[in-house]
Amino acid sequence: MIHHVNNEFGSVCLTVEYDENSQWVFYQWKGFIRMQDIKLGYNKIIEQVAENNAVAVLADHSQIVGPWNEANDWLTNDWTPRAREAGMFYWAINTGNDLFSNISLEMFLNKNSEGQYKVQVFEQLSDASTWLSNRVMLDPNPNQTSQIQNSAKKELPNPAKQIASKKQKTFTDTKTTGKRL
């Protein structure tokens, strides 16, 4: 099902749909987008990610006109954590020729580079689609894989820390008792 977000003038500024064959959410911005459009639109994207258990999002920014960096703080601090919580892990973004839109995207990605998800930017939608298809095909459950890897990392002992700990203990014991253990 295709969802639309209209701007204040009643024109469609965002189209969002879940692509069942590809197993990702696809969205496309059009025209000049304002803060209120961005909030409505990105919240609709999260709804589709959560509703469809999607781990991947394909974005088409090629028809955006003008800057949208006023939303970067909100996108970084509010939307991104909720998108990750909803399940988004892969994000392929197709850019256009609008310098101000591309600068806004670059500013957002620079602010939001904590590695919470994997994102790649492309100049062609077909390249973005191919990259995303490969990610989904290679690891269709990245959130589960990530959790397993994180728990495995926590459980594995670090030999270097153990040696350092023993050295520290030996040094401490030597100082307090005067005997080397």
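Okay, here's what the table says:
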item: Per-residue SASA entry for LYS39, accessible area with 1.4 Å probe, Å² rounded to 10; result: 80 Å²
item: Heavy-atom accessible surface of region 36-85: percent carbon and sulfur, 1.4 Å; result: 43 percent
item: Probe 1.4 Å, accessible area per residue of region 1-129, Å²; result: 50 Å²
item: At R0 = 45 Å, FRET efficiency that the Cβ-Cβ distance of GLU123 and MET1 yields, to 0.05; result: 0.95
item: Linear extension gain, ASN21 paired with SER133, 0.36 nm per residue minus alpha-carbon span; result: 39.3 nm
item: ASP78 accessible area, 1.4 Å probe, all protein chains in place, Å² to nearest 10; result: 60 Å²
item: Calculated log₁₀ intensity ratio I(q)/I(0) where the Debye formula runs over C-alpha points of region 1-109, q = 0.13, 0.15, 0.16, 0.24 Å⁻¹; result: -0.43, -0.58, -0.66, -1.52
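The values are calculated or read from the model by the stated rules, or taken from the named source; none is laboratory data. All figures in this text were calculated on a predicted structure; none of them were measured in a lab. All Cβ positions, glycine included, derive from the backbone under ideal geometry; neighbour counts span all protein chains shown. In case anyone asks, the SASA skips ligands and DNA or RNA and just uses the protein heavy atoms, side chains included. Shrake-Rupley method; radii C 1.70, N 1.55, O 1.52, S 1.80 Å.
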